[in-house]
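Notes for the one structure printed next.
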Amino acid sequence: MPDSRRSAALVAAVAAGALALSVTPALAVAPTGRPVTAVVALASTHPVTVPGVRLLANLVHVQSEVVSGTPDALARLAHAPGVLGIAGDSRFAVQGRGQDGSGDGSVFASAGLGGRAGSPEAGTGVNVAVLDTGLTDTPALNRASGQVTDGVDVSQLFNGGQAQTSGTFTDGYGHGTFLSSLIAGGPAPGSHGQALGVAPGARIVVVKVADDTGTTSLSEVLAGLDWVAAHARAIQVVNIALAQVRPMAPDYGADPLTAGIEHVFAAGVLPVVAVGNTPGQVGDPGDDVAALTVGAADTTGEAPRVADFSGSGLVAGVAKPDLVASGVHVLGEMPANSVIAEQNPQGWQPSGLFRGSGSSMATAIASGVAAIFFSEHRGASPLEAKASLRRSADAISGPTAGIAAGAGLLEIADRMLSADATDQWSGMAGFDSQQWQGNAWLNGSWEQWLASGWSGPAWTASTWSASTWSASTWSASTWSASTWSASTWSASTWSASTWSASTWSASTWSDESWGG
């Protein structure tokens, strides 16, 4: 990502979702001997430590752990049996392409998808987890309707706070609310009776991983994914509108973030992930083969075309994105007092709706279509859903097509592919989890990664600026054992009125999952 865009995004927010959440590398370097926080991909559910490394959290359902240790101690941990890869606990900031006030045309999320999209029953019985900045009630989508359930808030873990599984996880930033309205929003003032969302019958499960400034961390995102995997019996789709630029060499071992995506997929939940907003580049975790990776299309003109900002590329021979969806001038609902709304007044339209562009918008629309698929094909697997959506996409022609368009423009799948056809159409042909664990190149050298990923030369002044972090941000005290106490995740956090008894059991989330 060009430095000018990175710096601009750190200074100000951009139009709702003109954006995927993108990583801002920070403090992969630490003074010699000073503990830093890292996230570790594991080969099993058992935590791994070595002398000098302190376990902060064991994320059992995504087989990862959060640890604190000096670079030397982490180098020893990298060699320990059961460790697949290590990544610094990077901070993420919402970044985007710029304001969305210019240009002609606006589209509703369901435009061009067919009669089922936007109908009140579309997506009925399906739960879509939205990993984002939370959700504030709006006329289009609110808790009183029964279409919103507060799942978990892990947005304060990096700063020493605790995970919250009860309460109302509102959205001071606006991004999560806007995307949720595109997935499951109903009619709103200014929409003339038109539902804002693709699947108004679906339920949004709020998984708040970013705070009211739009900031999150690798450990918080993985904590959210761990929660989703633990409740996979109740969740069919997880919307992940973030795209992290991997700052390390490609042979550092398994990436904990993409490993988390694969564990969620294996648990029975379809990860729908943004490709990112950098042309010619595929963000992490959208580069994982298990993700349904979504790029942005401009559908405001006579013929659809790939948006000029939409990312794309080949990752270990796999073409990404898998498909594209409307991602230019999409209309949704934005809290009037949110950060995005206040900093981007040009996004407001005469109708009173807000307009945004980016691969985040496209991802939300694809999540809505996935919800319709699961509603109409009960018991379908994530692999069957992904393959069916890719197979149903319409080809896009023109100079911006090819890899950038993936399988084409998103459509509602009319039928589910048979099991023997899924690999051909899922983009996962040849996938072998033993060879590609968490999008890893496992023949790499740990020493080379540690030398390039945790030393000064790898992080030049052009990579990050001093204003993006302070030494106090990454103290060893940012995570404490009490943060992940057994009482944090108790059976009582989910009342019978929230989920039916058949949805999940107390054993789904065990106390030892989050032990200190």
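The values are calculated or read from the model by the stated rules, or taken from the named source; none is laboratory data. All of these numbers come straight from a predicted model, not from anything done at the bench. Counting neighbours? That spans all protein chains shown, and the Cβs are built from the backbone with ideal geometry, glycine included.
Residues in the stretch 232-251 that are surrounded by fewer than 24 Cβ atoms within 10 Å (Cβ to Cβ) and either of a type in the set (Ser, Thr, Tyr) or modelled with pLDDT of 95 or more (or both): 232, 233, 234. In the stretch 123-133 there is no residue matching the filter, namely being under 17 Å from the mean Cα position of the chain (by Cα), assigned to a loop (DSSP other than H, G, I, E, B) and surrounded by fewer than 24 Cβ atoms within 10 Å (Cβ to Cβ).
Tally up the residues in the stretch 54-81 that are part of a strand (DSSP E or B) and surrounded by fewer than 22 Cβ atoms within 10 Å (Cβ to Cβ), please.
Total meeting the criteria: 2.
Name the one entry in 351, 381, 397, 359 that is of a type in the set (S, T, N, Q) and closer than 18 Å to residue 286 by Cα. Talk me through it step by step, then tell me what you get.
On the way: 351 fails: closer than 18 Å to residue 286 by Cα; 381 fails: closer than 18 Å to residue 286 by Cα; 397 fails: closer than 18 Å to residue 286 by Cα.
On inspection, the qualifying residue turns out to be 359.
If we keep just the residues of the stretch 316-343 that are β-branched (Val, Ile, Thr) and assigned to a strand (DSSP E or B), which is farthest from residue 411 (Cα to Cα)? Reasoning before the result, please.
Going residue by residue through the stretch 316-343, those that are β-branched (Val, Ile, Thr) are 318, 324, 328, 330, 339-340.
Of the ones still in play, those that are also assigned to a strand (DSSP E or B) are 318, 324, 330.
Details: 318: 22, 324: 10, 330: 17 Å.
Step by step, filter the stretch 316-343, then rank; the result is 318.
With respect to residue 50, is the statement that it is more than 15 Å from residue 253 (Cβ to Cβ), in contact with a strand residue (DSSP E or B) (Cβ under 9 Å, 6 or more places away or on another chain), at pLDDT 95 or above and surrounded by fewer than 23 Cβ atoms within 10 Å (Cβ to Cβ) true? Give the steps one after another, and end with the answer.
Working: more than 15 Å from residue 253 (Cβ to Cβ): yes; in contact with a strand residue (DSSP E or B) (Cβ under 9 Å, 6 or more places away or on another chain): yes; at pLDDT 95 or above: yes; surrounded by fewer than 23 Cβ atoms within 10 Å (Cβ to Cβ): yes.
So residue 50 fits the description; yes.
Okay, residues lined up against (1) in the same structural domain as residue 140 (by TED's automatic domain parsing); (2) aromatic (Phe, Trp, Tyr); (3) more than 19 Å from the chain's Cα centre (by Cα); (4) buried (at least 21 other Cβ atoms within 10 Å of the Cβ):
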position	(1), (2), (3), (4)
289	yes, no, no, yes
307	yes, no, yes, yes
312	yes, no, no, yes
322	yes, no, no, yes
342	yes, no, yes, no
347	yes, no, yes, yes
359	yes, no, no, yes
363	yes, no, no, yes
367	yes, no, no, yes
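Filtering 210, 259, 234 for residues that are touching a Phe, Trp or Tyr at 6+ places or on another chain (Cβ under 6 Å) and assigned by TED's automatic domain parsing to the domain that holds residue 372 leaves a single hit, 234. Looking only at residues of the stretch 390-409 that are modelled with pLDDT of 80 or more and touching an Asp or Glu at 6+ places or on another chain (Cβ under 8 Å), we find that the one that is surrounded by the fewest Cβ atoms within 10 Å (Cβ to Cβ) is 394.
Condition test on residue 337, is it in the same structural domain as residue 139 (by TED's automatic domain parsing), out of contact with any helix residue (DSSP H, G or I) (no Cβ under 6 Å at 6 or more places or on another chain) and more than 23 Å from residue 107 (Cα to Cα)? Show your work before the answer.
On the way: in the same structural domain as residue 139 (by TED's automatic domain parsing): yes; out of contact with any helix residue (DSSP H, G or I) (no Cβ under 6 Å at 6 or more places or on another chain): yes; more than 23 Å from residue 107 (Cα to Cα): yes.
Yes: the conditions hold for residue 337.
Suppose the filter is over 21 Å from residue 109 (Cβ atoms) and at pLDDT 95 or above; does residue 136 pass it? No, not satisfied.
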